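Enquirer: Quick one: the structure is below, and I'll ask about it shortly.
The values are calculated or read from the model by the stated rules, or taken from the named source; none is laboratory data. Owing to the predicted nature of the structure, the values given are computational and were not obtained by experimental measurement. Glycine also receives a Cβ, built like all others from the backbone with ideal geometry; neighbour counts cover every protein chain displayed.
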Amino acid sequence: MEALQFFVVSSFAAAMAIAVAAFGCGIGQGMGLKAAVEGIARNPESSGKVTVTMLIGLAMIESLCIYALVIALILIYAHPQAAAIAGLLG
Amino acid sequence: MAHPFLFLVDFFDVNGSLYHFAHKYPHVMYTWLVMILLAGFGYLAAKKPALIPTKGQNFFEVIIGGLEDFLVETVGEGGRWFTPLAITIFLFVFISNLIGLVPGFFPPTATLNTTAACALVVFFFTHYIGVKYHGVKYIKHFMGPVWWMVPLIMPIEIIGHLARVLSLSFRLFGNMMGHELVLGILFMLAGLYFAPLPIMALGIFVAFVQAFVFFLLSIIYFSGSLEHAH
């Protein structure tokens, strides 16, 4: 059953990867959003520019979480050694 | 996770000639569809350009004029000649992303093939601009502030440039692939209760933001290779 452990551990690793990434992404985007809302509260006229800059910044931070998501998806669906290890499993 | 039902692929089931190609490469079929859509609408809108614009021409003028003003504001006047490439990239990525929201269509940007192709185009064009504007002195961009730090700085700069290709392609691919997966899973879980609908609403927003971010990063890279080395 050593080969089955591979799939179990790889699913767990994928889940942990995206969980930690989402945690960090949430904090990062929250800090960016906080600064943007404070800026708008101080100076409502700059709302348009601040919103555009905030959206661009959020997309950048989100992309880090997306990298982790891609690795998690590779682990679950397209792991390079999955076929070989499934062969060991029988 | 295989895509269960694709219009264009099943369309070619009837006529056997492109059957195998369509099943193996759905993203190419949908790229052709996006190309036909964009070229068709562009042609229809600008058949007879008039000084007082018709509705179609006005619509495209708003989009292209707005993007071009944004580009010149970001890059400066010397970057005005990038507009065809940059706006084409934006429109292609935007329409490709949007197509994914129609049930039965597969967004071509949801595979790494398309997004890596767009990112590579941006990468090679950046170096083309650098060489065209600076000539051989373009190498000074990679050399850093002082001459004796070159063995340290140059690998870092090269890796940074390669990382741009990776980040551009993966950002777009990850967003679109993740979106498709979420839609597929929600549809499998609770399709009868219209569960995918809020995700589709988010999807319109994500489609626009990702296209805009790709466009913005491309023009920032272009402007980075235009400016003088530090």
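Enquirer: Residue check: is B:Leu186 away from every other protein chain (no Cβ under 14 Å) and surrounded by fewer than 19 Cβ atoms within 10 Å (Cβ to Cβ)?
Expert: yes
Enquirer: Take B:Thr126 and decide whether it is touching a residue at least 60 places away in the same chain (Cβ under 8 Å), polar (S, T, N, Q) and within 14 Å of another protein chain (Cβ to nearest Cβ).
Expert: no
Enquirer: Which residue pairs have Cβ atoms closer than 6 Å, lie 6 or more positions apart in sequence or on different chains, and pair a first residue in region A:8-22 that is farther than 12 Å from A:Leu69 by Cα with a second residue that is surrounded by 12 or more Cβ atoms within 10 Å (Cβ to Cβ)?
Expert: Close Cβ pairs (under 6 Å, with a partner that is surrounded by 12 or more Cβ atoms within 10 Å (Cβ to Cβ)) amount to A:Ser10/A:Leu75.
Enquirer: Could you list all residues from region A:38-90 that are without any contact (Cβ under 8 Å) to a residue 60 or more places away in the chain and β-branched (Val, Ile, Thr)?
Expert: A:Ile40, A:Val50, A:Thr51, A:Val52, A:Thr53, A:Ile56, A:Ile61, A:Ile66, A:Val70, A:Ile71, A:Ile74
Enquirer: Does region A:28-55 hold any residues that are at the interface with chain B (Cβ under 10 Å from one of its Cβ atoms) and loosely packed, with under 15 Cβ neighbours inside 10 Å, and which are they?
Expert: A:Val52 - this is the single residue of region A:28-55 that is at the interface with chain B (Cβ under 10 Å from one of its Cβ atoms) and loosely packed, with under 15 Cβ neighbours inside 10 Å.
Enquirer: A further question follows. Among the listed residues B:Ala195, B:Ala119, which satisfies the condition of being of a type outside the set (Ser, Thr, Tyr) and closer than 23 Å to A:Val70 by Cα?
Expert: When all the criteria are applied, what remains is B:Ala119.
Let's see how each residue does on (1) of a type in the set (Asp, Glu); (2) buried (at least 17 other Cβ atoms within 10 Å of the Cβ); (3) modelled with pLDDT under 85:
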{"position": "B:Val136", "(1), (2), (3)": "no, no, yes"}
{"position": "B:His141", "(1), (2), (3)": "no, yes, yes"}
{"position": "B:Val182", "(1), (2), (3)": "no, no, no"}
{"position": "B:Leu192", "(1), (2), (3)": "no, no, yes"}
{"position": "B:Gly203", "(1), (2), (3)": "no, yes, no"}
{"position": "B:Phe208", "(1), (2), (3)": "no, no, no"}
{"position": "B:Phe222", "(1), (2), (3)": "no, yes, no"}
{"position": "B:Glu227", "(1), (2), (3)": "yes, no, yes"}
{"position": "B:His230", "(1), (2), (3)": "no, no, yes"}
